[in-house]
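The values are calculated or read from the model by the stated rules, or taken from the named source; none is laboratory data. No experiment lies behind these values; they were computed from the predicted model shown. With ideal geometry, Cβ positions are generated from the backbone for all residues, glycine too; neighbour counts draw on all protein chains shown.
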Amino acid sequence: MSRRSLLRLLPIAALLGCSVTPKPPLEQIAADQRVMPPNTIGFSQMMRELSAQPGFTEKLLAQINHGEKAGAYLTPKLFDEFRKLILGSDWSGLDRFPGWNIRRITRTVDLGTHLVKGSQAGQDLAVNVGPYALDAARTEDLDTPSSLDGFKGDQSSLGADVTHGDGPDPRLAPMHAESARLAQVLNRLSMNNTPKPVFTAKIGGQNATSPEQLIAALTATGHSVTVADARYFANFGHFHYKGRDVEMPFWLDTQLLIPTDHWWQRSRHLLVPVAHAEYEWIISGPRINADVTFYFGIDGRAEFRTNDEQNQPWVMGRHAHEYRGDQAVEVTRLTGKYVRAYAALHAAHPELPFGGYYTLGVCQDVIGSIELRMTGSTTLFPNTAKTEYFRDQPDAEITALMEAVPKDTAGPAPTPERVFGSLPTEDYAALTVPGLREDVLRVHEAWEQGTLRSAWPMRRRVLSLVGLVLATGVVAWVARRRRNDKVA
């Protein structure tokens, strides 16, 4: 095929959505600054003011990937892209960083594996069981108060009136000692050797040797137990500037097309901040008042944890589902199995970068798989787990759960149900991220009207068209060569 023929295809490919997705108009983002919560500033605005200060950018970059539930881990490639945007003063790029689809992000995991193996040697991914050794018999009496310390924040100063880390949630932090002990107990119960459990938790005369038995015992002793399937926008930075919260999402390309006002206008892809999903055990009663959470975090751990830091208002938050009674017991049973499964996977695959984050899933995979079991559908995006790895842990039920959830590292665009289901609010007009509200409202309206389109089938049509033209060109070239050979 001639170069001229290939060049003729380029306008067709661009028309069908193969070119780079344009960012939201800067004027749309600027006009939407008013939707930000009070006492909040955008990350790009902070960097406009501070990036020229010697050494500040490096201090800030050193804080990235610290924490537990940022919602995304910067692979070496992503880290380089992030650095370039800051050093190049690309503020519009920072406002939608990275803006890639999840397939492109997970490809950088494989490319960066050799860069992080050495730096992660000795990384401690053991489940946090506190003082409860895995090889020693013990009974923990939950009728006695916890002896653990109260809340201690993990905040640090970067200078220039910038701090990293969030302070205590005034409602949850006072329960920290009980919450921390309960999280350790649930982790230890999850790791019990099934034939011969050696760890027991008891409360009100009830004995428990598994997480689900403990939840049942708490209910039986007069405690209220709710397990909430919670959704938030992931706070990628956890920064504060001059006493103000810094709004810093991590953006994903959903491949859903934002409707335009006119047919000749080029469609943009819907970009959304990546969500954080977790289970939260909200417990109150005569003996224990605690709030415990579970998720697979960017620290590589899949375990029960405390949940008592203050969320910045822009991350919002909602309970997609709430489980009580027998359903709460069942969710706890499955979660305990995941704690044990991830421990086995870490032992079987210590070579995985980032503690297995991305390769073994992100925070959404586990929550979405249990949601599918409990409700018959899943409403979370994205899912990244390479489920073939889960065959290297012994629990067939967990393998089946992970294989059942849709994957976003290959195949078509995510369904709108999962994109909208991941958002931390169902009132899209209340979104507080500049430039997002209008895009989400347009796409949601098109979905309701049955007119929503995805870039995925359009790309397939382009590839099919290009393939057809190339094949036709090859056939014509071969036929011409044969004619010429006969003439010769």
Query raised in the report: Can you find a residue in region 260-273 that is within 23 Å of Asp408 (Cα to Cα), modelled with pLDDT under 95 and not hydroxyl-bearing (Ser, Thr, Tyr)?
Result: yes
Query raised in the report: So, of the residues in region 270-292 that are in contact with a helix residue (DSSP H, G or I) (Cβ under 9 Å, 6 or more places away or on another chain) and surrounded by fewer than 21 Cβ atoms within 10 Å (Cβ to Cβ), which turns out to be nearest to Asn128 (Cα to Cα)?
Result: Asn289
Query raised in the report: How many of the residues in region 311-340 are over 17 Å from Ser284 (Cβ atoms), touching a helix residue (DSSP H, G or I) at 6+ places or on another chain (Cβ under 8 Å) and of a type in the set (S, T, N, Q)?
Result: 2
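Residues checked against (1) of a type in the set (Ser, Thr, Tyr); (2) surrounded by fewer than 20 Cβ atoms within 10 Å (Cβ to Cβ); (3) more than 22 Å from Gly325 (Cα to Cα):
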residue: Arg171; (1), (2), (3): no, yes, yes
residue: Met175; (1), (2), (3): no, no, yes
residue: Leu182; (1), (2), (3): no, no, no
residue: Ala201; (1), (2), (3): no, no, no
residue: Gly205; (1), (2), (3): no, yes, no
residue: Thr209; (1), (2), (3): yes, yes, no
residue: Leu218; (1), (2), (3): no, no, no
residue: His223; (1), (2), (3): no, yes, no
Query raised in the report: Residue check: is Asp135 at pLDDT 85 or above, among the acidic types (Asp, Glu) and part of a loop (DSSP other than H, G, I, E, B)?
Result: yes
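Taking strands (runs of 3 or more DSSP E) that fall entirely within region 224-324, which contain at least 3 residues that are under 18 Å from the mean Cα position of the chain (by Cα)?
Values: elements: 224-233, 239-241, 244-247, 251-257, 269-273, 275-284, 290-296, 302-306, 318-323.
Once the strands (runs of 3 or more DSSP E) in region 224-324 are filtered for at least 3 residues that are under 18 Å from the mean Cα position of the chain (by Cα), what remains is 224-233, 251-257, 269-273, 275-284, 290-296, 302-306, 318-323.
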**Report entry** Of all residues in region 402-435 being among the hydrophobic types (A, V, I, L, M, F, W, C), assigned to a helix (DSSP H, G or I) and within 18 Å of the chain's Cα centre (by Cα), the one that is farthest from Leu360 (Cα to Cα)
**Finding:** Phe420
Query raised in the report: Which one is farthest from the chain's Cα centre (by Cα), of the residues in region 157-195 that are hydrophobic (A, V, I, L, M, F, W, C) and not in a helix (DSSP H, G or I)?
Result: Ala160
Report summary line: The residue that is surrounded by the most Cβ atoms within 10 Å (Cβ to Cβ), considering only those in region 393-410 that are free of Cβ contacts under 8 Å to residues at least 40 places away in the same chain and not basic (Lys, Arg), is Thr399
Report summary line: Screening Leu85, Leu78 for residues that are of a type outside the set (Asp, Glu) and without any contact (Cβ under 8 Å) to a residue 24 or more places away in the chain leaves only Leu85
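Would you confirm whether any residue within region 325-339 is over 21 Å from Glu371 (Cα atoms), of a type in the set (A, V, I, L, M), crowded, with 22+ Cβ neighbours inside 10 Å and within 22 Å of the chain's Cα centre (by Cα)?
First, pick out the residues of region 325-339 that are over 21 Å from Glu371 (Cα atoms): none.
Within region 325-339, none of the residues are over 21 Å from Glu371 (Cα atoms), of a type in the set (A, V, I, L, M), crowded, with 22+ Cβ neighbours inside 10 Å and within 22 Å of the chain's Cα centre (by Cα).
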